[in-house]
Amino acid sequence: MIDSQATESLAEASQRSASHASLSKRMLTNPTGLVAIVLLALVVLSAVFAPLLTSHDPNTASLHDVLDPISGAHPLGADSSGRDELARLLFGSRFSLAGAALALAISAVIGVTGGLIAGYYGKWFDSLSQWLTGLLMALPGIVVLLAASSVLGPSMWMSMAIFGVIMSPAFFRLVYASVTAVRSELYVDAARVSGLGDSRIIARHILTVVRAPAIIQGAMVMGIAIAIQAGLEFLGLGDMTIPTWGSMLNDGFVSMYRAPLLLLWPSAMIGITCVCLTLFANAMRDELERSSTKPSRRRRRAASRAAAFEHEPVERHDDDERSREITGEELLRVTDLAVGYDKPDGSVSTVVSDVSLTVQRGEVHGLVGESGSGKTQTAWSILRLLPDGGRVTNGSIVFEGEDLAGVSEKAMQRIRGKKIAYIPQEPMSNLDASFTIGSQLVEPMRVSLGLSKKEATERALALLARVGIPEPKRTFAAYPHEVSGGMAQRVLIAGAVSCDPDLLIADEPTTALDVTVQAEVLDLLRGLQAEMNMGMILVTHNFGVVADICDRVSVMRNGRIVETGPVRAIFRQPRHEYTKALLGAILDEGPARGPLASGVTSQTTDAAAASPAAGNVSEGALK
Amino acid sequence: MTESSLTETLLDVQNVTVEYPVKGFRAQPFRALKGVSLDIRPGETVGLVGESGSGKTTLGRAVLGLAPVTGGSILYKGRDIAHDSRRARRRLSSEIQVVFQDPYTSLNPSLTIEDILAEPLTVRRMSRRDANRRVRDLLDQVGMPSSSGDRLPREFSGGQRQRIAIARALALDPRLIVCDEPVSALDLSTQAHVLELFRDIQENTGVAYLFVSHDLAVVRHLSHRVAVMYHGEIVEWGDGEQVTAHPEHPYTQRLFLAAPVADPDAQEQRRADRERLLAAQQEQRVQSGAVA
């Protein structure tokens, strides 16, 4: 199993190598990202090489050239003081960009370090910085900047520095959220146990998570800083001795009617830069999301099993004395069922095929297999609750004379819950946290059984008592988070049997529970099943649960049933290699390891003797 | 192993209490461990079994220095490590290591397997070349192809990831590995292979395990001695065969009979035994209640 899995993953890896490509590389192949990067690079380069691109000095006024139109001497004209517009634009880029970069640097340094420290170490620094960011975010930024410039005088650098402080919560919040999420990851604990110091853990495991979102945030902050800076200087609050895009706007506005083009150049520059920064951030976010959207676990499992199905006959055991005792009428007959998922390229990946089984009234049929064997997919297809893209591609599911594979969704809604009930694996996630347990039990009964509210409430309380909940009234009024997992599963069982179903489908109903609770829930299921004479399909990976409750078992592997028969026959005379291997891997029957021996040699022989079961499992047989 | 090494104790947990602060004004802290004691000898596996919330994982984390120990002491080779500074703790990393339950979150998804395995080595100033050689040895030791090094964790199945996590734990050649439910997330057949790997490694290296699990059968298979935890306390502690087959504490008895056995007739018998036991224990409670 391990070997074939390794080759499988190697093959997958080569397909994935494309998505491995570094983020920077992918940004360059993203069209939006590429355009934004090229334009931003042009803006920056033109600022850096301004002296090479124009021979004019941006601050030299010339009375001859006041408001000159576009000409050979002034490619973009001259402003109201006769200064060359192109030179002012290019040199202005230097100051505008540097100012915005100052704001960005200050906010990033404060926000990122603050977020790292508060998120990683917590304690008093956490509370203090939370309080401070709250304060900063409540402050009206523009008002602070106006007040500061009236007190400190018009300085572009000063106002940008203050703006950087005001913007620091943007970084703080982002980094704080990422760090607190990562800090509780097990790999951070493992790194600590490996002897890594905090600084190394932060650098290796935490900064890598924060890096990309921080760059996106940085691009956004830079854009805002440029806009705010231009706004302040347009209002005349800037330092008029240095050329900036904002001061050019101010100047152009004054002579708007005489030389309207003077307003165009700085506006275009500000517009292009801000748009490019935003596009850059968007493109980067898109690329990040593309690499992080893994297919959901369910789908991934389904996809990994798309391998070709080898056709082999199902090992069928004849009925034994016990199984002949079940004489209820046939409730469900699944014939040659196949389930497939549509893939983006139009093909279908088949996850279940050639599955045939029957369930009689009063019978518990176990579907047992390892993860990815198709047992849950089979159960979902009977309920017609396959995830998006999944459908029954072949075969029939005849329930009480009706083929469920063909009935309308509306007819299915009538059958689901009323005639076929479902018990899920995760009790907590299947109760709505915002409604009381009582209301979640009463509503379905009113809809499907047409009971009055009073009748439904009475029935719900009786059911809660029946499923062994000590204080039904209290649980009825409780919200899901107020009860334990075992209690929640009892509530779901009460809900499942509330409409008197003929068939109960339980998908790993006890997997999430502790063993002692599992035993109680199994007792409950067995009792209810006998009392209401239901048919039941039990999906599980646990052979102990199978032995406890099932009358018949189907062992599944790779989407197929490999062996089926009465429960005793499967345990006593397994015929298929896979069933034998699975049963061999069970540890129940093995002897205990015994106390630590005095010498290594005797310990080794102990070990060899103690593991006959696991020794049987041949790797080939398991795949 | 000499006679003296058998009597010596590697880890001695004495009366350890762990309390987590609870949010809220003057709220009582939550006591996850209420005075727990056990010891581990070199080369020994001590199984720690219990249900969710019993404190078994907390005890493992306390030994690793990841849980706040508020009382008692944890002696490692005779020295109390319960209140070590982070710096002192880092020096212990070559002695005490960990394998966590969830192989999906215990490996950093953005690092390659080689980076993950070399991390503890390069921290100890091993050259990159020596570290890479050691990484190949480690991969070999846990039965992974040496070409796995430049791949990312997501390319491997749960069982393979757990092998990688075991390789990381072995990197510094520790004397004790805390295994926190290391096979609970794995399929039955994968679980059997990983358990065999744990045994092989122990026989080859003489490392000791503190093996935390909710599964009595797994613990029984691997442990020399077993401790049963319930509500933050150890309720039964002793030889593995004794505790798992002939439990004395009422809770251990309930736990033992609640685990379904994979044989329909034996399970029918066990179910009947369990019903009898529960009835008997109920009666006992009623009687003791009447006396009190």
(message) Can you find, within the stretch B:177-197, the residue that is nearest to the other protein chains (Cβ to nearest Cβ) among those that are in contact with a strand residue (DSSP E or B) (Cβ under 6 Å, 6 or more places away or on another chain) and of a type in the set (A, V, I, L, M)?
(response) B:178
(request) Determine if the stretch A:374-390 includes at least one residue that is farther than 23 Å from residue A:545 by Cα and among the hydrophobic types (A, V, I, L, M, F, W, C). (result) yes
(request) Please give the number of the condition residue A:128 fails out of (1) surrounded by fewer than 16 Cβ atoms within 10 Å (Cβ to Cβ); (2) touching a residue at least 12 places away in the same chain (Cβ under 8 Å). (result) (2)
(request) State whether the residues of the stretch B:201-223 include one that is at the interface with chain A (Cβ under 10 Å from one of its Cβ atoms) and β-branched (Val, Ile, Thr). (result) yes
(message) Here is a check on your reading of the model: is residue B:211 part of a helix (DSSP H, G or I) and under 14 Å from the mean Cα position of the chain (by Cα)?
(response) no
(message) The conditions are (1) modelled with pLDDT of 90 or more; (2) more than 21 Å from residue A:548 (Cα to Cα); (3) over 33 Å from the mean Cα position of the chain (by Cα), and residue A:500 fails exactly one of them. Which is it?
(response) (1)
(message) Which of the helices (runs of 4 or more DSSP H) found entirely inside the stretch A:435-554 contain at least 3 residues meeting this: more than 14 Å from chain B (Cβ to nearest Cβ) and free of Cβ contacts under 8 Å to residues at least 12 places away in the same chain?
(response) A:437-449, A:453-466
(request) Tell me, yes or no, whether the stretch B:36-50 has at least one residue that is small (Gly, Ala, Ser), within 14 Å of residue B:213 (Cα to Cα), part of a loop (DSSP other than H, G, I, E, B) and in contact (Cβ under 8 Å) with a residue 40 or more places away in the chain. (result) yes
(message) Looking at the stretch A:311-331, I want the residues that are in contact (Cβ under 8 Å) with a residue 24 or more places away in the chain and have a partner that is of a type in the set (Ser, Thr, Tyr) with Cβ atoms under 8 Å, at least 6 apart or on another chain. Which pairs are those?
(response) A:314/A:356; A:314/A:564; A:315/A:564; A:315/A:579; A:316/A:564; A:317/A:564; A:330/A:358
(request) Answer with yes or no whether residue B:93 is buried (at least 18 other Cβ atoms within 10 Å of the Cβ), at pLDDT below 90, outside any loop (DSSP other than H, G, I, E, B) and facing chain A (nearest Cβ under 10 Å). (result) yes
(message) Just the residues that are more than 28 Å from residue B:205 (Cα to Cα) and either modelled with pLDDT under 80 or not small (Gly, Ala, Ser) (or both), please, taken from the stretch A:577-606.
(response) A:577, A:578, A:579, A:580, A:582, A:583
(request) Can you tell me which residue among A:178, A:199 is more than 7 Å from every other protein chain (Cβ to nearest Cβ) and more than 23 Å from residue B:171 (Cβ to Cβ)? (result) A:178
(request) Taking residue B:73 as meeting all but one of (1) outside any strand (DSSP E or B); (2) among the small types (Gly, Ala, Ser); (3) within 26 Å of residue B:8 (Cβ to Cβ); (4) within 21 Å of the chain's Cα centre (by Cα), write down the number of the exception. (result) (1)
(request) Pick out the one residue from B:252, B:244 that is part of a helix (DSSP H, G or I) and crowded, with 23+ Cβ neighbours inside 10 Å. (result) B:244
(request) Evaluate the following for residue B:283: is it part of a helix (DSSP H, G or I), within 12 Å of another protein chain (Cβ to nearest Cβ) and either under 29 Å from residue A:585 (Cα atoms) or among the charged types (D, E, K, R) (or both)? (result) no
(message) Looking at A:34, A:10, A:76, A:42, can you tell me which residue is surrounded by fewer than 20 Cβ atoms within 10 Å (Cβ to Cβ) and either modelled with pLDDT under 90 or not in a helix (DSSP H, G or I) (or both)?
(response) A:10
(request) Please work out which one of (1) without any contact (Cβ under 8 Å) to a residue 40 or more places away in the chain; (2) out of contact with any strand residue (DSSP E or B) (no Cβ under 8 Å at 6 or more places or on another chain); (3) buried (at least 21 other Cβ atoms within 10 Å of the Cβ) is the condition residue A:190 fails and give its number. (result) (2)
(request) Take the stretch B:202-218 and flag every residue that is surrounded by fewer than 19 Cβ atoms within 10 Å (Cβ to Cβ), modelled with pLDDT of 90 or more and not small (Gly, Ala, Ser). (result) B:203, B:204, B:205
(message) Given the options B:118, B:131, name the one that is more than 7 Å from every other protein chain (Cβ to nearest Cβ), closer than 26 Å to residue A:210 by Cα, of a type in the set (Gly, Ala, Ser) and part of a helix (DSSP H, G or I).
(response) B:118
(request) Have a look at A:451, A:464, A:492 and point out the one that is buried (at least 17 other Cβ atoms within 10 Å of the Cβ), in contact with a Pro (Cβ under 6 Å, 6 or more places away or on another chain) and more than 30 Å from residue A:333 (Cα to Cα). (result) A:464
(request) Go through the stretch B:128-159 and give me each residue that's farther than 17 Å from residue B:204 by Cβ and either touching a strand residue (DSSP E or B) at 6+ places or on another chain (Cβ under 6 Å) or among the aliphatic types (A, V, I, L, M) (or both). (result) B:131, B:135, B:152
(request) May I ask you to say which residue of A:360, A:413 is in the same structural domain as residue A:529 (by TED's automatic domain parsing), of a type in the set (S, T, N, Q) and farther than 29 Å from residue A:342 by Cα? (result) A:360
(message) Checking the conditions here, which among B:63, B:98 is facing another protein chain (nearest Cβ under 8 Å), surrounded by 19 or more Cβ atoms within 10 Å (Cβ to Cβ) and within 21 Å of residue B:173 (Cα to Cα)?
(response) B:98
(request) Scan the stretch B:163-174 for residues that are more than 11 Å from chain A (Cβ to nearest Cβ) and in contact with a strand residue (DSSP E or B) (Cβ under 7 Å, 6 or more places away or on another chain) and jot them down. (result) B:166
(request) Mind listing whichever residues of the stretch B:142-160 are in contact with an Asp or Glu (Cβ under 9 Å, 6 or more places away or on another chain) and more than 10 Å from chain A (Cβ to nearest Cβ)? (result) B:146, B:149
(message) Under 6 Å between Cβ atoms, which residue pairs at least 6 apart in sequence (or on different chains) link something in the stretch A:567-589 that is more than 7 Å from every other protein chain (Cβ to nearest Cβ) with a partner that is in a helix (DSSP H, G or I)?
(response) A:574/A:580; A:574/A:583; A:577/A:621; A:584/A:613; A:584/A:616
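Listed here are the residues, each with its yes/no results for (1) part of a loop (DSSP other than H, G, I, E, B); (2) within 14 Å of another protein chain (Cβ to nearest Cβ); (3) surrounded by fewer than 19 Cβ atoms within 10 Å (Cβ to Cβ); (4) among the basic types (Lys, Arg).
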{"position": "B:24", "(1), (2), (3), (4)": "yes, no, yes, no"}
{"position": "B:27", "(1), (2), (3), (4)": "yes, no, yes, no"}
{"position": "B:32", "(1), (2), (3), (4)": "no, no, no, no"}
{"position": "B:57", "(1), (2), (3), (4)": "no, yes, no, no"}
{"position": "B:82", "(1), (2), (3), (4)": "yes, no, no, no"}
{"position": "B:87", "(1), (2), (3), (4)": "no, yes, yes, yes"}
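The values are calculated or read from the model by the stated rules, or taken from the named source; none is laboratory data. All values derive from a computational prediction rather than experimental measurement. A quick note on method: Cβ atoms are made from the backbone with ideal geometry, for glycine too, and the neighbour counts reach across all protein chains shown.
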